[in-house]
Amino acid sequence: MYEQSLVDDCLDIGGSFDYQNLMCDMQNKQPFIPYMARYPLFVNGGMLLSVLGVFMTVIGLYRPRR
């Protein structure tokens with residue numbers, strides 16, 4: 001959320017956000033780099049935890065109660 005706030009502030013004042021340096025660039029137009037390309041381990045790890053949570057929930061629902 002912090003990074004998104006920086007991007008929004010930069011775009012509001014008419015700049016271009018440099019995603020590699022996390023700075024607002026007023027002179028040059030910077031290319032957009034998707035979050036997935038910048039933080040692949042974080043995104044893929046979050047997806048893995050989500051899938052693991054779904055499997056654990058399904059196993060818990062179908063497990064017989066004593």
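Contact map, segment 6-18: residues that are at pLDDT 90 or above paired with residues that are in a helix (DSSP H, G or I), Cβ distance under 8 Å, separation 6+ or inter-chain. Pairs shown: Ser16/Cys10; Phe17/Leu6; Phe17/Val7; Phe17/Cys10; Phe17/Leu11.
Please go through segment 39-66 and pick out each residue that is in a helix (DSSP H, G or I) and under 30 Å from Leu22 (Cα atoms). Pro40, Leu41, Phe42, Val43, Asn44, Gly45, Gly46, Met47, Leu48, Leu49, Ser50, listed by residue number. If you go through segment 1-47 and keep only what is more than 14 Å from the chain's Cα centre (by Cα) and charged (D, E, K, R), you end up with Asp8, Asp9, Asp12, Asp18, Asp25, Lys29.
Going by what's in this entry, would Pro31 be described as in a loop (DSSP other than H, G, I, E, B) and either open to solvent by less than 100 Å² (accessible area, probe 1.4 Å) or of a type in the set (Asp, Glu) (or both)?
So Pro31 fits the description; yes.
Scoring Leu48 on the criteria (1) exposed (fewer than 11 other Cβ atoms within 10 Å of the Cβ); (2) touching a strand residue (DSSP E or B) at 6+ places or on another chain (Cβ under 9 Å) leaves a single failure, condition (2).
Condition check for Leu11 on (1) in a helix (DSSP H, G or I); (2) exposed (fewer than 12 other Cβ atoms within 10 Å of the Cβ): one failure, at (2).
The values are calculated or read from the model by the stated rules, or taken from the named source; none is laboratory data. Here the structure is a predicted model, which is why all the values come from computation and not from measurement. Heads up, the Cβs are rebuilt from the backbone with ideal geometry, glycines too, and the neighbour counts pull from every protein chain shown. For accessibility, only protein heavy atoms count, side chains too; no ligands or nucleic acids. Shrake-Rupley method; radii C 1.70, N 1.55, O 1.52, S 1.80 Å.
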